[in-house]
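Enquirer: Before I ask anything, let me first share the structure, which is written out below as C-alpha cells.
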Amino acid sequence: MSPAIEIREAVDGADIARALFRRRFGGDPPDFPHHVLAVHRTAAGGEVPLCYVHFTALGELLLGGGACVDNRAMRALPPAARAAIHAGGGLYRMTLAWAVRHFAPRYAAVFGYCGDALAERIDLAVGFERTAHQHLLVYWTRELPSGARDALIAQAHAVGPF
C-alpha cells in the first residue's frame, strides 16, 4: 500500500468522515465507537478521508455498517496511490480486511448486513460467510461450537438491519 494511505480506528472518526457519510447516507455517522477510516495523507500534511466503516459492539459480536468510499477523492489521488489501492483489491476491501484483523482479538464474530451485490462480493472475498438470514453475513474470528455460532447469528439477526 502507498505510504500516503493509512487505515486506522479513530476516536474522532465520525468528525473526520462526516461530509463523506452525509453525501452517501444523507445524515450524520453514529456518534459512538467504532470508527474505521482509510485516509490519504497529503504532501501538505493534511488528511483526506477516503473510506469509512462504522462498527457497533454488542457483547461477543461486532456489527459493521455505514461503509462508504469517496470516489471523487480517490480520483484525485496520485497515480501511485491509486495503483497500490487497485493492487490491494480496492479501498473498501483493504479497509474491511484491516478492520476484521484489528477487532478479531476482542470479538468472536463480525457481522455485516449487506443488500448491495458489489459490497457483498467484497465482504465474501474478505472472508465473510452468508448466514441463513437474507443480507446477514458473518466473519468468524475464532473457532466456536455450532451452538455458540447459532446463538451469535440469532443475536445479530434480532437487531434487524444495521
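Enquirer: Kindly check whether there is at least one residue in the range 35-42 that is of a type in the set (Val, Ile, Thr) and modelled with pLDDT under 95.
Expert: Our first condition is that a residue be of a type in the set (Val, Ile, Thr); within the range 35-42, this holds for 36, 39, 42.
Next cut, modelled with pLDDT under 95 only: 42.
Looking for residues that are of a type in the set (Val, Ile, Thr) and modelled with pLDDT under 95, one finds at least one in the range 35-42, hence yes.
Enquirer: Follow-up question, since we're still on this one. May I ask you to list the residues in the range 98-115 that are free of Cβ contacts under 8 Å to residues at least 60 places away in the same chain and either over 14 Å from the mean Cα position of the chain (by Cα) or buried (at least 17 other Cβ atoms within 10 Å of the Cβ) (or both)?
Expert: Val100, Pro105, Arg106, Tyr107, Ala108, Ala109, Val110, Phe111, Gly112, Tyr113, Cys114, Gly115
Enquirer: Which ones in the range 125-137 are in a strand (DSSP E or B) and aliphatic (A, V, I, L, M)?
Expert: Residues satisfying the conditions are Leu136, Leu137.
Each row is one residue, and each column tells you yes or no for (1) in a helix (DSSP H, G or I); (2) on the phi < 0 side of the Ramachandran plot; (3) buried (at least 21 other Cβ atoms within 10 Å of the Cβ); (4) free of Cβ contacts under 8 Å to residues at least 24 places away in the same chain.
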site: Ala73; (1), (2), (3), (4): yes, yes, no, no
site: Leu77; (1), (2), (3), (4): no, yes, no, no
site: Ala80; (1), (2), (3), (4): yes, yes, no, no
site: His86; (1), (2), (3), (4): yes, yes, no, yes
site: Gly89; (1), (2), (3), (4): no, no, no, no
site: Leu96; (1), (2), (3), (4): yes, yes, yes, no
site: Asp123; (1), (2), (3), (4): yes, yes, yes, no
site: Tyr139; (1), (2), (3), (4): no, yes, yes, no
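Enquirer: Name every residue in the range 102-121 that is farther than 15 Å from Leu58 by Cβ and outside any helix (DSSP H, G or I), in order of residue number.
Expert: Residues satisfying the conditions are Ala104, Pro105, Cys114, Gly115, Asp116.
Enquirer: Can you tell me which residues in the range 113-138 are at pLDDT 95 or above and under 16 Å from Gly88 (Cα atoms)?
Expert: Across the range 113-138, the qualifying residues are Arg121, Ile122, Asp123, Leu124, Ala125, Val126, Gly127.
Enquirer: A further question follows. Inside the range 10-67, can you point out the residues that are within 25 Å of Gly160 (Cβ to Cβ), touching a strand residue (DSSP E or B) at 6+ places or on another chain (Cβ under 8 Å) and among the acidic types (Asp, Glu)?
Expert: Once the filter is applied, which keeps residues that are within 25 Å of Gly160 (Cβ to Cβ), touching a strand residue (DSSP E or B) at 6+ places or on another chain (Cβ under 8 Å) and among the acidic types (Asp, Glu), the range 10-67 yields only Glu60.
Enquirer: Could you tell me whether the range 10-25 includes any residue that is part of a loop (DSSP other than H, G, I, E, B), touching a residue at least 24 places away in the same chain (Cβ under 8 Å), surrounded by fewer than 21 Cβ atoms within 10 Å (Cβ to Cβ) and not polar (S, T, N, Q)? Explain how you work it out, then say what you get.
Expert: Filtering the range 10-25 for residues part of a loop (DSSP other than H, G, I, E, B) gives 10-12.
Now drop any that are not touching a residue at least 24 places away in the same chain (Cβ under 8 Å), which leaves 10-11.
Adding the requirement that they be surrounded by fewer than 21 Cβ atoms within 10 Å (Cβ to Cβ) leaves 10-11.
Remaining after also requiring not polar (S, T, N, Q): 10-11.
For the range 10-25, residues part of a loop (DSSP other than H, G, I, E, B), touching a residue at least 24 places away in the same chain (Cβ under 8 Å), surrounded by fewer than 21 Cβ atoms within 10 Å (Cβ to Cβ) and not polar (S, T, N, Q): present.
Enquirer: Looking at the range 43-71 only, could you name the residues that are at positive phi, out of contact with any Leu (no Cβ under 9 Å at 6 or more places or on another chain) and not in a strand (DSSP E or B)?
Expert: Across the range 43-71, the qualifying residue is only Gly45.
The values are calculated or read from the model by the stated rules, or taken from the named source; none is laboratory data. Just so we're clear, the structure is a prediction, and the values are computed from it rather than from any experiment. As a convention, Cβ positions derive from the backbone with ideal geometry for all residues, glycine included, and neighbour counts pool all protein chains shown.
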